[in-house]
Amino acid sequence: MAEAMSQAPAGETKAEAYARLNKEIASVVAGETSATARYASAACLLAHAFAPRFFWTGFYVVDPDKPEELVVGPYQGTLGCLRIPFGRGVCGAAAASGETQLVADVHAFPGHIACDSRTNSEIVVPVFDAAGRLAAVLDIDSEQPNAFDETDRYGLEAICRSLLTA
């Protein structure tokens, strides 16, 4: 049964919000074997917690039939790109490197893919399975320039570390 999403306590810092959401997401997905359900739940909770700063929140999943491509997975927001090759754009850079990409100005990022022209900044976090293989990337776009910082990186990386193993 679906539960109501928690409300941020008054005065909660961004770091505290991420810690709360990490626990909430882990609780919601505990025991769920479907990666799709886990990704959908995380995208929903993150998008609602950080709206309107999070303009597009979702996952691009490694395609098992084309292991050097990401295919759009569960997300909240406007229409996403359907496929992204490893190494292309911010999501492809995260997939190829296995490292978080924090981009203050997507228009200055070499090879940026404009899935929605309103996006001005982006953070993309790799999601690894229990065996350490890349399973997906969490992509979050903002209409605001320079919308993400190290607190976002730390909070989102913590959520992604536990997403498939919670």
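Scanning the range 78-108 for residues being part of a loop (DSSP other than H, G, I, E, B), over 19 Å from ASP152 (Cα atoms) and open to solvent by 40 Å² or more (accessible area, probe 1.4 Å) gives a total of 6. Scanning the range 44-77 for residues that are open to solvent by less than 20 Å² (accessible area, probe 1.4 Å) and over 20 Å from GLY98 (Cα atoms) gives LEU45, LEU46, ALA47, PHE54, TRP56.
When the range 145-166 is limited to residues that are modelled with pLDDT under 95 and of a type in the set (S, T, N, Q), the one that is surrounded by the most Cβ atoms within 10 Å (Cβ to Cβ) turns out to be SER162. Of the candidates GLY80, GLY98, the single residue that is at positive phi and not polar (S, T, N, Q) is GLY98.
For the range 9-40, the set of residues classified as of a type in the set (A, V, I, L, M) and in contact with a Lys or Arg (Cβ under 9 Å, 6 or more places away or on another chain) consists of ILE25, VAL28, VAL29, listed by residue number. Taken together, VAL124, VAL61 contain a single residue that is within 18 Å of THR36 (Cβ to Cβ) and modelled with pLDDT of 95 or more, which is VAL61. Based on this model, can you work out whether SER117 counts as part of a loop (DSSP other than H, G, I, E, B) and either modelled with pLDDT under 95 or over 18 Å from ALA47 (Cα atoms) (or both)? When the stated conditions are applied, SER117 passes them.
The values are calculated or read from the model by the stated rules, or taken from the named source; none is laboratory data. The model shown is predicted, which means the values in this text are computed figures rather than measured ones. Neighbour counts are summed over all protein chains in view; Cβ atoms, including those assigned to glycine, are modelled from backbone coordinates with ideal geometry. Note: accessible area is taken over every heavy atom of the protein model, side chains too, but ligands, DNA and RNA are not part of it. Shrake-Rupley method; radii C 1.70, N 1.55, O 1.52, S 1.80 Å.
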